[in-house]
Ligand SMILES: Cc1cc2nc3c(=O)[nH]c(=O)nc-3n(C[C@H](O)[C@H](O)[C@H](O)COP(=O)(O)OP(=O)(O)OC[C@H]3O[C@@H](n4cnc5c(N)ncnc54)[C@H](O)[C@@H]3O)c2cc1C
Ligand code: FES
Ligand code: FES
């Protein structure tokens with residue numbers, strides 16, 4: 001199958017990236033390869049694990065299963081965008097301090113889901129936090145410390 | 001190969017007339033292509049920026065839900081939650097926050113999976129679907145939309161533009177529940193929706209029940225409860241009718257036998273929740289979480 005190349009202006013963490021990309025490319029691959037931001041991870045590449053979570057206009061999206069060309073004109077935020085003036089975001093500091101990072105592979109995706117959750121619900125209950133990160137798998141921590149970290153960030 | 005971001009319904013139907021497939025959130029289409037179930041269509045038209053498709057419009061006759069409305073919006077929209085809570089129950093169960101954020105109600109019904117969650121509530125609410133192509137616009141009852149697993153009565157050039165629900169009658173309400181093994185990222189093992197309208201004396205004036213994931217399409221079942229109170233006996237009749245009329249298959253998620261049993265339980269719980277809501281009881285959306293149906297924490 002031939003794959004048409006489409007001109008796309010991706011806006012990632014506030015910076016414009018004019019790119020020419022094949023229609024079938026996923027957003028995850030374009031972020032990691034063309035844009036060069038490797039914070040966003042590929043876990044399953046199948047819309048199941050949440051390692052690839054980014055924000056699109058502030059809302060969480062599984063970037064492995066989202067066409068990069070569909071992100072044209074939308075604001076993409078990756079984990080790199082959480083750092084402002086070299087200072088970690090509260091969620092990042094808290095997840096480190098609470099022991100919510102072991103291998104760290106799920107962490108970028110967790111942070112993006114948590115960030116979107118706190119944006120739409122600034123005072124979530126513990127159960128609401130669980131549901132807010134319910135699209136993110138973690139094989140290491142057992143989740144408790146990740147949830148603690150999000151609770152501390154309220 | 002082509003890709004177009006449509007800005008209007010006219011743009012979208014023109015591209016579809018040339019052979020393009022619509023993509024809304026892509027959570028079935030793109031994910032399916034990545035699974036290798038289907039290949040990605042050669043020509044795509046993105047319909048997620050079309051404002052007219054993203055509206056929920058209420059008038060004296062009822063409510064028109066744009067096909068591009070996301071599950072995330074349906075589950076919290078004030079009109080939907082108050083008047084059509086069964087639909088909000090279903091939207092709130094879809095996937096994860098990310099799935100609900102991209103996934104649309106139009107994509108859900110047009111994808112035509114027998115396990116779609118919004119289908120059964122739309123069926124019991126007697127929704128009509130508006131389909132538009134370059135040739136014209138037609139509406140059809142949602143009961144006539146699904147012709148088989150992943151097949152609909154719409155032609156490849158027809159865009160679903162909106163789903164219409166009539167204004168609910170007094171003392172009526174709806175509910176949707178599903179059996180699930182976990183609380184997110186799940187597909188209904190089985191699911192059931194009910195709408196119930198009560199008379200002033202509390203007896204049943206009208207009811208509809210529809211089932212998810214127990215037949216080649218979402219299906220309505222018949223059970224004659226008119227004039228009866230919504231009591232234990234009515235619940236038992238609902239359960240028996242659902243188990244009798246289901247035609248489930250066995251797959252790796254559940255055996256036909258297990259589905260036939262549990263669909264009765266789900267139908268009765270959906271009916272009970274709808275009847276209690278019709279009596280004025282507040283049961284928060286989604287019923288699954290409020291009443292602890294399916295997986296719990
Ligand atoms: C991780 C995950 C979990 C999921 N969980 C659930 C779940 O719990 N319950 C559930 O029901 N579904 C679930 N789904 C399936 C999917 O998210 C839903 O069916 C969703 O509503 C599809 O909407 P979409 O906008 O993403 O559709 P798309 O993928 O964009 O489109 C789906 C199909 O419909 C067609 N289409 C889309 N819009 C229109 C239109 N307006 N007119 C004509 N044709 C149209 C497309 O061409 C395509 O064939 C899940 C999917 C994933 C990836
Ligand atoms: S890599 Fe996208 S969900 Fe797993
Ligand atoms: S810390 Fe290893 S997967 Fe979460």
| Test result for residue B:282, under 19 Å from residue B:169 (Cα atoms) and modelled with pLDDT of 95 or more | yes
| In this structure, is residue A:37 more than 16 Å from ligand 3 (Cβ to nearest atom), more than 9 Å from every other protein chain (Cβ to nearest Cβ) and assigned to a loop (DSSP other than H, G, I, E, B)? | yes
| What is the residue count in segment B:229-252 for residues that are outside any helix (DSSP H, G or I) and surrounded by 16 or more Cβ atoms within 10 Å (Cβ to Cβ)? | 3
| query | more than 24 Å from residue B:266 (Cα to Cα) and either touching a residue at least 12 places away in the same chain (Cβ under 8 Å) or surrounded by fewer than 19 Cβ atoms within 10 Å (Cβ to Cβ) (or both): does that describe residue B:225? | reply | no
| Does segment B:246-267 include one or more residues that are under 24 Å from residue B:81 (Cβ atoms) and touching a residue at least 40 places away in the same chain (Cβ under 8 Å)? | yes
| query | Here are some residues: B:72, B:98. Which one is away from ligand 3 (no atom under 16 Å from the Cβ) and either buried (at least 24 other Cβ atoms within 10 Å of the Cβ) or assigned by TED's automatic domain parsing to the domain that holds residue B:176 (or both)? | reply | B:98
| query | Before we move on, is residue B:106 more than 16 Å from ligand 3 (Cβ to nearest atom), away from chain A (no Cβ under 14 Å) and surrounded by fewer than 24 Cβ atoms within 10 Å (Cβ to Cβ)? | reply | no
| request: For residue B:281, work out the one condition from (1) touching a residue at least 12 places away in the same chain (Cβ under 8 Å); (2) closer than 25 Å to residue B:205 by Cβ; (3) more than 14 Å from chain A (Cβ to nearest Cβ) it doesn't fulfil. | output: (1)
| field | Residue satisfying condition, being within 11 Å of ligand 2 (Cβ to nearest atom), surrounded by fewer than 19 Cβ atoms within 10 Å (Cβ to Cβ), at negative phi and not assigned by TED's automatic domain parsing to the domain that holds residue A:117, within set A:42, A:16 | value | A:42
| query | Of the residues that make up segment A:138-146, is at least one over 20 Å from residue A:41 (Cα atoms) and crowded, with 21+ Cβ neighbours inside 10 Å? | reply | no
| remark: For segment A:134-154 the number of residues that are within 16 Å of ligand 2 (Cβ to nearest atom) and either more than 14 Å from every other protein chain (Cβ to nearest Cβ) or over 22 Å from residue B:185 (Cα atoms) (or both) is 2
| field | Elements of type strands (runs of 3 or more DSSP E) contained in segment A:46-133, each with 2 or more residues being facing another protein chain (nearest Cβ under 9 Å) and within 16 Å of ligand 1 (Cβ to nearest atom) | value | A:53-56, A:59-62
| query | Which of the residues spanning segment B:30-70 are within 12 Å of chain A (Cβ to nearest Cβ) and at pLDDT 95 or above? | reply | B:43, B:44, B:45, B:46, B:47, B:48, B:49, B:70
| remark: Note on segment A:49-74: residues over 18 Å from residue B:46 (Cβ atoms) and either away from ligand 2 (no atom under 13 Å from the Cβ) or modelled with pLDDT under 95 (or both) are A:55, A:58
| query | In this structure, is residue A:31 in a helix (DSSP H, G or I), over 19 Å from residue B:96 (Cα atoms) and touching a residue at least 24 places away in the same chain (Cβ under 8 Å)? | reply | yes
| remark: Taking segment B:74-97 and keeping only residues that are more than 28 Å from residue B:280 (Cα to Cα) and more than 8 Å from ligand 1 (Cβ to nearest atom), one is left with B:97
| message | Among the residues of segment B:178-185, are any within 22 Å of residue B:276 (Cβ to Cβ) and either more than 14 Å from ligand 1 (Cβ to nearest atom) or within 14 Å of chain A (Cβ to nearest Cβ) (or both)? | response | yes
| said: Going residue by residue through segment A:79-97, is there one that turns out to be farther than 28 Å from residue B:289 by Cα, within 15 Å of ligand 2 (Cβ to nearest atom), touching a residue at least 24 places away in the same chain (Cβ under 8 Å) and under 14 Å from the mean Cα position of the chain (by Cα)? | reply: yes
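The values are calculated or read from the model by the stated rules, or taken from the named source; none is laboratory data. Quick caveat: nothing in here was measured; it's all calculated off a predicted structure. FYI the Cβ positions are ideal-geometry reconstructions off the backbone, even for glycines, and counts take in every protein chain you see.
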